[in-house]
Amino acid sequence: QDLGPLQLAMASSAELTREIASLLPSLSPHALNAILSTARAASAAGRAAPAQVVKKVPAGTRVAFAGLGAMGGPMGRHVASAAHAAGSTVLLWNRTAEKARLLARQCSAEPVDTLEDLRGCDVVLTCLPTSKEVGWLADELSAVLSPGAVLVDCTSGDPTQTQRIGARLAEKGLHMVDCPVSGGPRGADAGTVTSMMGGDPAVVDRVKPWVETFSGKVRHVGPLGSGHAVKVVNNIMNGTHLFLGAEGLLLLAKRYGVDPRVACEVINGSSGRSLQTQVRLPEEVFTGRFGYGFKLGLFAKDCRIARSMMDEAAEELGGAVELLPRTKELVEEAEARYGGDADYTMIVRLLEERCQLELRDKVVVDRLGDKAAVMAPTKTVAPSMCVEPAGRIQPRPLWQWQLHRQQSQVASAAH
């Protein structure tokens, strides 16, 4: 009866089951109970994703997707699958043509090598690094698209630049809708991102079915540029919440010896909780993975855009904005320290280094004093990573790290 829930929790993850099954003879009932909750989470992470429903789109529409990176790739796949079900074929373009060819083979799409090949498209969706690339692509497309065509930009862009790009396209009889998304690579892969659309209501309604193919929630938030404005404010708030959560946990650990995981569990059952305390800190920071999939350089770009918006509205706001500008400064400091290719969750490392305590350390109370002491972790290769022969460090799946951590805790308890 004791093992039944554990086995059920892991039933859909055969590899994980084999790993823990090998440990069962040496584990006490207490140790088994200790890993039960982690086994459930690991099982959920390890099992195959359920079959995704292909959403309906209008037949006869010629559609293209440009920009097939970490977000654009899976989003383009959803668009192509929906078009294929409707009897159409989506055109895929990427600056690296091979990436378009690889994705096209996976989703019955047609790769193209040049933007000239998008001539005659009714809708072109884009997902590029910055508004600079969007502006270049829009100018190129304005020479090949017919009047009435729509550019749907899913980039996390600058609202002011978006409005300028839209004005240039309007001179050629073309429409633009900004449609940034939130949900990260996992949401893009699952087709569950939140899409915030800005533009003329009639044009938004016309392209909405295509946006719904990769979205769990779609909202028209206002005129052109408003979608990008909402997105960058969302992102800088994201960073602020992450900083606040890390600050609070570091205070509790450093001064009062409270285990960060215990403190986080309590906070997540209280009014101070957020997505960052419920998901980002446990999955990315406590584990040492720092591998959510959002580059720090792109995150810093969004924070700079948000700060620029605040500066432009400073007089109207009357000094009401205090916390968000500080977030931008800290994010830029982290970018300079760790590089633009680092994961955005690495911003927590900035605080950890200042505090000289990692949220992955084992915190114990120093009974001889009134401050907490820290048992420094053994200096080995981070267990959340594996090093290939070529020296590249690759993140492990989350469930493997969870299992490794539980094994380590059981071993420590035994000693």
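The values are calculated or read from the model by the stated rules, or taken from the named source; none is laboratory data. For clarity, every value in this text was computed on a predicted model and none was experimentally measured. A quick note on method: Cβ atoms are made from the backbone with ideal geometry, for glycine too, and the neighbour counts reach across all protein chains shown. What goes into the accessible areas is simple: the full protein's heavy atoms, side chains included, and nothing from ligands, DNA or RNA. Shrake-Rupley method; radii C 1.70, N 1.55, O 1.52, S 1.80 Å.
A few notes on this one:
- Net length available on complete extension from Ser108 to Leu323 is 72.7 nm, with 0.36 nm assigned per residue and the Cα-Cα distance removed.
- Remark: accessible surface ordering of Leu224, Leu102 (largest first) is Leu102, Leu224, probe radius 1.4 Å.
- Considering only Ala138, Val150, Ala109, and ranking their Cα positions along the charge dipole of the stretch 100-152 that arises from unit charges at the beta-carbon of Lys, Arg, Asp and Glu, the one farthest toward the positive end is Ala109.
- Span from the the stretch 286-312 Cα centroid across to the the stretch 165-193 one, whole angstrom: 19
- The stretch 227-241 and the stretch 67-123: distance between their alpha carbon centers, rounded to Å: 28
- Each of Ala85 and Glu265 was given a label point 7 Å from its Cα along the Cα-to-Cβ line. The distance between the two points is 4.1 nm.
- Ligands, DNA and RNA left out, the 1.4 Å accessible surface of the stretch 142-293 is 54% carbon and sulfur atoms.
- √(5λ) per eigenvalue of the Cα gyration tensor, the stretch 68-153, largest first, Å: 19, 15, 12
- Accessible surface of the stretch 51-134 [probe 1.4 Å, protein heavy atoms]: carbon and sulfur percent: 52
- Residues of the stretch 218-337: accessible area per residue with a 1.4 Å probe, Å²: 47
- Surface accessible to a 1.4 Å probe, Leu298 within the full protein complex, Å²: 60
- In the calculated pair-distance distribution of the stretch 130-207, the portion above 14 angstrom amounts to 61 percent of the Cα-Cα pairs.
- Remark: the stretch 114-213 carries 37 Å² of accessible area per residue (probe radius 1.4 Å; ligands, DNA and RNA excluded).
- Point-charge dipole on Cβ atoms (K/R +1, D/E -1) for the stretch 174-285, about Cα centre, debye to 20: 180
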